[in-house]
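Take a look at the structure set out below.
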Amino acid sequence: MPAAKDSSASQDGPAESRTPAKSEQTRALILETAMRLFQERGYDKTTMRAIAKEAGVSVGNAYYYFAGKEHLIQGFYDRMAAEHRVAVRTVLDRETDLEARIAGVLKAWLDVATPYHEFAVQFFKNAADPDSPLSPFSPESEHARTEAIGVCREVLVGSKAKVPEELRDVLPELLWLSQMGLVLYWIFDRTEGRERSYRLAERGARLTALGVSLARFRVLRPLVREVHDLFTDFLPGMTKAFPDPAASSQDKSQSKDKDKSKDKGRVRGRRFGAREE
């Protein structure tokens, strides 16, 4: 019997090499099912038990991969960020004009987000709460937020526009904030094909490019910093979104909290008898 088992393993490859792929498939299935149920029933009325049943997995397995509904939304954020990164490659690899790069990146986000418009409308009230883990400014949303700001940074770096060195760290964050403004408008946009959102993306890109161009003049640079500081000081959640790099102890504390949250989900999964597929 042992010999037969070894022979099968040699034919199909080591079991551990298949496990990550199977796990990723299970995770994707749960996420896809959750997105569908959120759209059909609403975020508040959809339970983890219902998601597990529809996905054909145990409740424990659902909790193993996602500690709760909020973590499913974070998975959705991460997937959107990954899809957006792929979608922007065409414009970023081709264009060097800053306005064209900004407009292309914003419109690429609208394209990627199109299938999820009604879903976004439904859960907006949860994401709009500054204390909610679903907020784009929350510590839980850090990964997707960092990805998005990284795209904004690439927009600037790859353009032929001259960005003053002292503003290179500030402008990507401001670009991301302007994108959040577009997202808010898009949620409430009821025009055919969200036509007004696309127009806003184009005009916003034109205005932003003009602002960056004017920032070359030293006398206007303090104005850009003042705008950034204004958002940082007064917009709910911004302090959490962009913590002081010197506050390392705070960062470590937040990291520990995240680890505890993940562990809690796995413990809950084991309590339901979960096992990794």
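The values are calculated or read from the model by the stated rules, or taken from the named source; none is laboratory data. The model shown is predicted, which means the values in this text are computed figures rather than measured ones. Cβ sites come from the backbone with ideal geometry, for glycine too, and all protein chains shown count toward neighbours. These accessible areas exclude ligands, DNA and RNA; they are computed on the full protein's heavy atoms, side chains included. Shrake-Rupley method; radii C 1.70, N 1.55, O 1.52, S 1.80 Å.
Restricting the stretch 158-238 to chymotrypsin sites (Phe, Trp or Tyr not before Pro) that sit in a DSSP loop and have at most 13 other Cβ atoms within 10 Å of their own Cβ leaves Phe217. With Cα atoms defining each centre, the stretch 111-140 and the stretch 181-222 are spaced 20 Å apart in the structure.
Put a plus charge on the Cβ of each Lys and Arg, a minus charge on the Cβ of each Asp and Glu, and nothing anywhere else: the dipole of the stretch 68-240 about its Cα centre is then about 560 debye.
Under a 1.4 Å probe, what is the accessible area of the stretch 103-234 per residue, stated in Å²? It would help to have the intermediate numbers written out before the result.
Details: 7140 Å² over 132 residues.
Value for the stretch 103-234: 54 Å² per residue.
Each of Lys160 and His143 was given a label point 7 Å from its Cα along the Cα-to-Cβ line. The distance between the two points is 3.9 nm.
Summarising the overall dimensions of the stretch 59-100 from its C-alpha atoms, the Rg and Dmax are 16.5, 51 angstrom. Spin-label pair Lys125-Val219: with each label point 7 Å from Cα along the Cα-Cβ axis, the two points sit 5.1 nm from one another. The Rg/Rh ratio of the stretch 68-240, with Rg taken over Cα atoms and Rh as the Kirkwood radius over Cα pairs, comes to 0.95.
Among the listed pairs Lys69/Lys107; Lys22/Lys69; Lys22/Lys107; Lys107/Lys160; Lys53/Lys107; Lys125/Lys162, a Cα-Cα separation exceeding 31 Å is found for Lys22/Lys107; Lys53/Lys107; Lys125/Lys162. For the stretch 162-232, which trypsin sites (Lys or Arg not before Pro) are in a loop by DSSP, counting at most 15 other Cβ atoms within 10 Å? Here the trypsin sites (Lys or Arg not before Pro) that fit, given the DSSP loop and packing criteria, are Lys162, Arg168, Arg190, Arg216. Summing charges over neighbours of Ala201, with a neighbour being any other residue whose Cβ is under 13 Å away from its Cβ, gives +2 when K and R count +1 and D and E count -1.
With 0.36 nm allotted per residue and the present C-alpha distance subtracted, the Thr47-Tyr116 stretch has 22.9 nm of extension available.
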